[in-house]
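The values are calculated or read from the model by the stated rules, or taken from the named source; none is laboratory data. These numbers were taken from a predicted model, which means no experiment stands behind them. When we count neighbours, we look across all protein chains shown, and the Cβ atoms used for this are built from the backbone with ideal geometry, even at glycine.
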């Protein structure tokens, strides 16, 4: 009896139903249209996380010219899915073949959109914008002073950071640019995917330290502003908010100059009489940009925007000069030289009536500048005084 009980205890228990359900499922041949298919859900990996785990398998697809025209949209979609795989460029010797396949595929997509081979279907456009977003919307590496905890260096003296993933990023930006400017792109369809959220994330990328990326962003955003009229007020407001954060919080942003270049073209297209919204933007956002320390990085673009306002509406000259005097540097001679040069350009676009309104505080500031020991300040002051003395219309 004792041995019989022991033998019963050594028997293996039957498999539970849940364990059987967890095993891979095999479909026998001839069952419907599926033949020897094994489904293992635990083995799925996301395409956008190729930096960890198993290496992604990148298939080589045929060229567009090698497939019939009706099949090219489907092929375009498959190529986009390949380009949604993100690679780690910190190791140049890692996955060289796969990186090259993606680069060639991106180049093919750019050529296809640029050639105008046909209007992209709506699902393909949606996937295109999604793929672009997967590639470009990312976290930037921390600045050098953030890694060490040391005091931030002068931005004018820092070497520009060059993103090692640029061989792929450049083609992704080129693909987005060609899509936006293509005559085959219907804005009514495209605005469903290039929406406010996409534009805002695009604007956040202007903080990239790579000047090549900012140049592409500047071109693309300017094209979006021109083509998607529905986005224009939103873009102006979003740029406004970036300036506020830069002026009053961080005083550190890599793309202020590029954003001002875009605004220079926008201001040039303002209709007259100028809207109150635009005048408030001048007073609340543009002129206060003279306050931050890294003014030298973007002063040329800022000065151009200010002059555009005064040339559009000369009655704004009094306001501009008064605000410039408010932000006039006290101890920074380099900034003082920039202010004097800009003041000269503003005065050239000023009418005598507006000049008379701000004449007294202006000459008081000039008198204070005469005590400066900086030779460039002296040179600008002499030029400015000569400009006044040789033009009798001012007095």
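Side notes on the structure shown:
- In summary, residue 253 fulfils each of the numbered conditions (1) surrounded by fewer than 15 Cβ atoms within 10 Å (Cβ to Cβ); (2) assigned to a loop (DSSP other than H, G, I, E, B); (3) in contact with a helix residue (DSSP H, G or I) (Cβ under 8 Å, 6 or more places away or on another chain) with the single exception of condition (1).
- Any hit, the stretch 147-168, residues being assigned to a helix (DSSP H, G or I), at pLDDT below 95 and more than 17 Å from the chain's Cα centre (by Cα): yes
- Yes/no for residue 202 being buried (at least 21 other Cβ atoms within 10 Å of the Cβ) and assigned to a helix (DSSP H, G or I): yes
- Among the residues of the stretch 90-107, the ones that are farther than 20 Å from residue 178 by Cα, touching a residue at least 40 places away in the same chain (Cβ under 8 Å) and not in a loop (DSSP other than H, G, I, E, B) come to 3 in all.
- Within the stretch 43-89, being assigned to a loop (DSSP other than H, G, I, E, B), within 30 Å of the chain's Cα centre (by Cα) and modelled with pLDDT of 90 or more holds for 84, 85, 86, 87, 88, 89.
- Residue list for the stretch 304-319, restricted to those being buried (at least 20 other Cβ atoms within 10 Å of the Cβ) and closer than 17 Å to residue 337 by Cα: 306
- Near pairs, Cβ below 7 angstrom, 6+ apart or cross-chain, from the stretch 118-140 (more than 15 Å from residue 184 (Cα to Cα)) to any residue that is exposed (fewer than 15 other Cβ atoms within 10 Å of the Cβ): 134/48; 137/201
- Taken together, 380, 386 contain a single residue that is part of a helix (DSSP H, G or I), buried (at least 18 other Cβ atoms within 10 Å of the Cβ) and modelled with pLDDT under 65, which is 380.
- So residue 275, is it within 28 Å of the chain's Cα centre (by Cα), exposed (fewer than 15 other Cβ atoms within 10 Å of the Cβ) and touching a residue at least 40 places away in the same chain (Cβ under 8 Å): no
Here is a yes/no grid of residues against (1) at pLDDT 90 or above; (2) closer than 29 Å to residue 233 by Cβ:
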| residue | (1), (2) |
| --- | --- |
| 281 | yes, yes |
| 284 | yes, yes |
| 288 | yes, yes |
| 298 | yes, yes |
| 309 | yes, yes |
| 328 | yes, no |
| 337 | no, no |
| 367 | no, no |
| 391 | no, no |
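- Within the stretch 266-279, the set of residues being at pLDDT below 95 and touching a helix residue (DSSP H, G or I) at 6+ places or on another chain (Cβ under 7 Å) comprises 268, 270, 272, 274.
- First in the stretch 54-69 and over 20 Å from residue 85 (Cα atoms), second anywhere and at pLDDT 90 or above and not in a loop (DSSP other than H, G, I, E, B), Cβ under 7 Å, 6 or more apart: 64/72; 64/75; 64/108; 64/112; 67/75
- Here residue 294 clears all of (1) within 25 Å of the chain's Cα centre (by Cα); (2) within 15 Å of residue 267 (Cβ to Cβ) except the condition numbered (2).
- Which numbered condition residue 209 fails, given (1) surrounded by 15 or more Cβ atoms within 10 Å (Cβ to Cβ); (2) touching a residue at least 60 places away in the same chain (Cβ under 8 Å); (3) in a helix (DSSP H, G or I): (3)
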